[in-house]
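Have a look at the structure below before the remarks.
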Amino acid sequence: MASVKEAKSPGRTSTRQSKSKSRSRSRSRSRSRSRGRTSSATRKRKPTTSKPKQEKMEPNSPARAKARTPERAATPTRKSARLQNQSLAPEERKPVEFEASLEEEKRVSRTKKTEFGGAVGAFFMILGLPLLVYFLNFVCAKNKCKPVLPVVPLDWRSYFDIQAAAIYLGWMAFQAVLYMLPIGPVVLGQPLRSGQRLQYRCNGFISLCISLVAFGAAVYLKLPVGIVLQKFTQLITTGILFSFVVSVILYVQARRGPNNKLAPGGNTGNVLYDFFIGHELNPRVGSFDLKFFCELRPGLIGWLMLNLVMLTEKYNKEGAFPPALTMVVVFQALYVADALWFENAILTTMDIIHDGFGFMLVFGDLVWVPFLYCLQTRFLSLYSVKMEWYCLVFIGILNLIGYYIFRGSNSQKNEFRKNPYNPALAHLETIPTSSGKCLLVSGWWGLCRKPNYLGDILMATAWSLSCGFSTPVVYFYPVYFTILLIHREYRDSEQCQKKYKASWDRYCERVKYRIFPYIY
């Protein structure tokens with residue numbers, strides 16, 4: 001700006017000229033604050049032969065601001081840098097280096113390693129898991145409960161019913177309304193690839209309490225709650241169809257959405273596998289998180305509601321609460337209440353952090369959990385099992401030991417993740433990692449790598465022992481659950497190996513056993 005005014009009237013020595021010079025000095029000091037930049041006053045200029053006419057600028061005009069702002073070197077695009085290189089002589093050309101843009105850093109790369117047998121395994125699981133749910137419920141029927149080929153009904157009305165569909169969808173809507181209630185704490189999830197942390201409304205325990213009150217009111221008003229047992233198979237069919245529809249919608253939406261929202265384990269490019277494992281990590285409708293909602297709400301609370309219906313119907317027939325059935329219902333109610341009381345703990349699990357929300361989790365949450373986890377209570381409601389009191393005491397103690405290990409280890413882990421410097425945890429030994437986190441190697445987590453899994457398996461075993469030994473069908477749950485948890489531990493170990501590397505090797509040397517101390 002000073003040079004412009006000086007060129008306009010070079011021969012004048014007026015006050016106007018002195019003001020111009022003072023402004024020039026002021027601007028020169030301002031520019032000198034930036035390192036590596038040279039003041040415009042020290043740059044050599046070519047002598048001008050003519051005096052271009054300049055318009056007077058207002059003090060706060062955009063043109064004056066533009067003139068005051070030093071020009072920045074534009075970051076070359078790949079195309080412009082390539083063209084610039086081509087304009088130079090071959091010996092003067094240099095390779096152009098580019099920094100990854102923020103958008104490129106957020107992108108989810110293609111999944112290279114698949115699980116569950118890849119696309120072939122996904123195909124058989126999509127077909128086989130619903131059939132297995134039908135099979136186990138047909139096997140354990142009123143007439144017998146043996147692992148033999150059941151008599152399968154051929155009438156389509158035995159599989160689908162409008163009333164059953166209305167009950168199932170109404171239950172889903174009821175839980176969705178409870179989920180959206182503006183009550184309960186809002187908790188931040190784990191950081192995503194973009195650094196963002198999603199918010200979650202944790203009011204699951206409140207939803208459980210409201211559901212229990214609603215069930216009690218239905219029983220008091222003598223509503224026909226037993227209809228869910230009469231239409232049990234039709235409810236299963238509705239759940240399966242609902243799971244397929246939701247999974248298809250989720251996959252289509254994920255294909256249309258941005259890449260940085262995809263799940264790192266469900267981006268193979270294979271439609272069948274990504275549909276099964278889950279293509280998008282955290283699908284949401286506004287603030288309504290679909291995966292977080294389905295993980296603990298409709299299926300887990302629905303499992304408890306089915307148990308209570310069976311217990312109520314048994315009481316109405318016999319006029320008393322059978323000890324074995326009552327004990328299993330109480331144990332499983334404690335398990336459900338614990339999961340919902342500590343609902344925010346699920347935000348650190350593999351299901352939320354790593355797995356996408358596809359058919360595997362949708363079907364598992366909405367069909368597998370409510371209609372298979374109640375297998376023991378369904379058997380005990382159909383068949384009278386008499387057991388000596390000391391056997392019931394032993395089973396009760398086994399369940400309490402399992403719960404003590406399960407809750408103690410989970411609480412210790414959650415408290416350590418919240419605040420590693422908690423004075424109450426100062427006695428615990430840890431192994432530091434390159435990521436800044438520490439791995440627990442004492443307390444519950446020095447016993448084995450997954451003590452919470454050990455407690456889970458002990459509780460599952462206690463539930464089945466309450467059914468006696470007349471049929472192996474009721475032991476499906478602890479056998480399946482043990483296999484599932486062993487596989488989950490293996491998957492989690494692989495993730496930790498990639499993340500912590502040498503620190504994880506040191507951890508495995510220190511904590512040798514995976515789930516069962518001195519066994520596995």
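The values are calculated or read from the model by the stated rules, or taken from the named source; none is laboratory data. Note that this is a predicted model, so its numbers are computed, not measured. Note that we place each Cβ from the backbone using ideal geometry, even for glycine, and neighbour counts take in every protein chain shown.
I'm told ASN260 meets every condition in (1) part of a loop (DSSP other than H, G, I, E, B); (2) touching a helix residue (DSSP H, G or I) at 6+ places or on another chain (Cβ under 8 Å); (3) at pLDDT below 90; (4) not small (Gly, Ala, Ser) except one. Can you identify the failing condition by its number?
Single failed check for ASN260: (1).
Do you know which of the residues in segment 337-361 that are closer than 30 Å to TYR220 by Cβ and surrounded by fewer than 21 Cβ atoms within 10 Å (Cβ to Cβ) is nearest to the chain's Cα centre (by Cα)? Working first, answer last.
From segment 337-361, those closer than 30 Å to TYR220 by Cβ are 337-341, 343; that's our starting set.
From the residues that got through so far, the ones that are surrounded by fewer than 21 Cβ atoms within 10 Å (Cβ to Cβ) too are 337-339, 341.
Working: ALA337: 20, ASP338: 19, ALA339: 15, TRP341: 18 Å.
In this case the residue turns out to be ALA339.
Could you say which residue among LEU439, LEU366, LEU428 is under 30 Å from ALA122 (Cβ atoms), among the hydrophobic types (A, V, I, L, M, F, W, C) and modelled with pLDDT of 85 or more? It would help to see each step written out before you state the result.
Details: LEU439 fails: under 30 Å from ALA122 (Cβ atoms); LEU428 fails: under 30 Å from ALA122 (Cβ atoms).
Going through LEU439, LEU366, LEU428 in turn, the sole match is LEU366.
Among the numbered criteria (1) modelled with pLDDT under 90; (2) of a type outside the set (Asp, Glu); (3) out of contact with any Gly (no Cβ under 7 Å at 6 or more places or on another chain), which one does GLY266 miss?
(3)
So, PHE215, is that one surrounded by 15 or more Cβ atoms within 10 Å (Cβ to Cβ), farther than 30 Å from PHE276 by Cβ and in the same structural domain as PRO130 (by TED's automatic domain parsing) or not? I'd like the intermediate steps shown before the answer.
Working: surrounded by 15 or more Cβ atoms within 10 Å (Cβ to Cβ): yes; farther than 30 Å from PHE276 by Cβ: yes; in the same structural domain as PRO130 (by TED's automatic domain parsing): yes.
Taking the combined requirement at face value, the residue satisfies it.
Just one of the numbered conditions (1) in contact (Cβ under 8 Å) with a residue 60 or more places away in the chain; (2) part of a loop (DSSP other than H, G, I, E, B) is not true of GLY195; which one?
Answer for GLY195: the failing condition is (1).
Checking the structure you have, find out if any residue of segment 323-332 is assigned to a helix (DSSP H, G or I) and without any contact (Cβ under 8 Å) to a residue 24 or more places away in the chain. Write out each step before concluding.
The initial filter retains those residues of segment 323-332 that are assigned to a helix (DSSP H, G or I), namely 323-332.
Cutting the leftovers down to without any contact (Cβ under 8 Å) to a residue 24 or more places away in the chain gives us 326, 330.
Yes, there is a match, as at least one residue in segment 323-332 is assigned to a helix (DSSP H, G or I) and without any contact (Cβ under 8 Å) to a residue 24 or more places away in the chain.
Between LEU366, LEU372, LEU325, LEU382, which is closer than 24 Å to ILE206 by Cβ and assigned by TED's automatic domain parsing to the domain that holds TYR134?
Numbers: LEU372 fails: closer than 24 Å to ILE206 by Cβ; LEU325 fails: closer than 24 Å to ILE206 by Cβ; LEU382 fails: closer than 24 Å to ILE206 by Cβ.
So the residue among LEU366, LEU372, LEU325, LEU382 that is closer than 24 Å to ILE206 by Cβ and assigned by TED's automatic domain parsing to the domain that holds TYR134 is LEU366.
Residue-by-condition table, conditions (1) of a type in the set (Asp, Glu); (2) assigned to a helix (DSSP H, G or I); (3) touching a Leu at 6+ places or on another chain (Cβ under 7 Å); (4) assigned by TED's automatic domain parsing to the domain that holds PRO191:
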| site | (1), (2), (3), (4) |
| --- | --- |
| ASN282 | no, no, yes, yes |
| PHE292 | no, yes, no, yes |
| GLU295 | yes, yes, no, yes |
| ILE301 | no, yes, yes, yes |
| LEU308 | no, yes, no, yes |
| TYR315 | no, yes, no, yes |
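Here is a yes/no grid of residues against (1) surrounded by 11 or more Cβ atoms within 10 Å (Cβ to Cβ); (2) closer than 15 Å to LEU372 by Cβ:
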position	(1), (2)
ARG110	no, no
ALA119	yes, no
PHE124	yes, no
VAL133	yes, yes
LEU136	yes, yes
CYS145	yes, yes
VAL152	no, no
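Give me the pairs: first residue in segment 148-177 and in contact (Cβ under 8 Å) with a residue 60 or more places away in the chain, second residue charged (D, E, K, R), beta-carbon distance under 7 Å, and six or more apart or on different chains, which are they?
From residues that are in contact (Cβ under 8 Å) with a residue 60 or more places away in the chain, the pairs are ASP161/LYS231; GLN163/LYS231; ALA164/LYS231; GLN175/ARG297.
Tally time: how many residues in segment 462-520 are β-branched (Val, Ile, Thr), under 24 Å from GLY446 (Cβ atoms) and not in a helix (DSSP H, G or I)?
Selection size over segment 462-520: 3.
Can you name the condition, by its number, that ASN422 falls short on among (1) polar (S, T, N, Q); (2) at pLDDT 90 or above; (3) over 24 Å from the mean Cα position of the chain (by Cα)?
In the conditions (1) polar (S, T, N, Q); (2) at pLDDT 90 or above; (3) over 24 Å from the mean Cα position of the chain (by Cα), ASN422 misses (2) alone.
Name the one entry in ILE397, ILE457 that is crowded, with 18+ Cβ neighbours inside 10 Å and either part of a loop (DSSP other than H, G, I, E, B) or not acidic (Asp, Glu) (or both). Step through it out loud before you land on a result.
Working: ILE397 fails: crowded, with 18+ Cβ neighbours inside 10 Å.
The unique qualifying residue is ILE457.
Output the number of residues of segment 437-470 satisfying the condition of being under 18 Å from ILE519 (Cα atoms) and among the small types (Gly, Ala, Ser).
Residues that pass the stated criteria total 2.
Looking only at residues in segment 189-205 that are touching a helix residue (DSSP H, G or I) at 6+ places or on another chain (Cβ under 7 Å) and farther than 15 Å from ASN344 by Cβ, which one is surrounded by the most Cβ atoms within 10 Å (Cβ to Cβ)?
Among them, the one singled out is ARG193.
Checking the condition among the polar types (S, T, N, Q) and closer than 30 Å to VAL479 by Cβ, which residue from GLN163, GLN175 passes? Before you say what the answer is, go through the steps one by one.
Details: GLN163 fails: closer than 30 Å to VAL479 by Cβ.
After ruling out the rest, the residue left standing is GLN175.
Please give the number of the condition PHE288 fails out of (1) modelled with pLDDT of 95 or more; (2) more than 26 Å from LYS498 (Cα to Cα); (3) touching a helix residue (DSSP H, G or I) at 6+ places or on another chain (Cβ under 9 Å).
(1)
Just to be sure, is LYS437 surrounded by fewer than 18 Cβ atoms within 10 Å (Cβ to Cβ) and either farther than 20 Å from GLY408 by Cβ or outside the structural domain of THR349 (by TED's automatic domain parsing) (or both)? Let's see the steps before the verdict.
Values: surrounded by fewer than 18 Cβ atoms within 10 Å (Cβ to Cβ): yes; either farther than 20 Å from GLY408 by Cβ or outside the structural domain of THR349 (by TED's automatic domain parsing) (or both): yes.
Taking the combined requirement at face value, the residue satisfies it.
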